[in-house]
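Heads up, the thing below is written out as structure tokens.
What follows is calculated from the coordinates using simple rules that are stated; it is not laboratory data. Everything quoted here is computed from the prediction, not taken from an experiment. Counting neighbours? That spans all protein chains shown, and the Cβs are built from the backbone with ideal geometry, glycine included.
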Amino acid sequence: MKTILSIDPGIKHYGYAVIEYDEQELYNNDYELKLLVAGDIENLSSYRGVYENIRDLIISYKPSLLVVEKIFMNINPKTSFYLNSGRTMCLLLGEQYNIPIHELSSTTIKKIITGYGHSTKECIQDIVLKYFKCQITFNGSDAIAIGLSYILSYKEQNIKNDDLSVIYNL
């Protein structure tokens, strides 16, 4: 079994999801993905709080892979700074715990999940809720979509090398 921790960095909340799957079964038509946990980490007005929450997820679930959404450059530099700070914490934790890290762009995630690279958060959430039959926030559903996108792209091998990049891989 392989366990993925996917993170959706945000300004006020970080979405997270832990998904488990059998890599060998992906090539069968009747593979199963198991959602272990998903939700939000509130930005506790300190990076330390977010860092500790993500670290606790890593310690509890021992993921074999960390998948993080790529950050786009926002018009407001302050927003980009906060988003990149969260992403940096994820990369640091992955490196500290020797976990391979992958990044996917938001348009790639949306294209894999919905078929359209500029889908709304509501559309992503609807599809994730139908797939996993659970109630979850937008940030949590985005994190599930990030993990699910990685798994489906791995299975189908249909993403260009530019869109799926290995940041740190042992």
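Some observations on this one:
- Entries in LYS78/LYS133; LYS2/LYS70; LYS62/LYS133; LYS2/LYS111 that, when Cα-Cα distance is taken, lie over 29 Å: LYS78/LYS133
- Hz values of 3J(HN,Hα) by residue in region 91-103 - Karplus curve (6.51, -1.76, 1.60), Gly and Pro given as x: 5, 4, 5, x, 5, 4, 9, 6, 9, x, 10, 10, 10
- Between SER105 and LYS70, the built amide H atoms are under 5 Å apart, and every one of these is 5 or more places off in sequence or on another chain.
- Counting charges near LYS121 (Lys, Arg +1; Asp, Glu -1) among other residues having Cβ under 12 Å from its Cβ returns a value of -3.
- Phi-derived couplings, Karplus 6.51 cos²θ - 1.76 cosθ + 1.60 at θ = phi - 60°, listed residue by residue for region 131-139: 5, 9, 6, 9, 9, 8, 6, 4, 5 Hz, with x used for Gly and Pro.
- Cα-derived Rg over Rh, computed across region 46-114 with Rh taken as Kirkwood radius: 1.00
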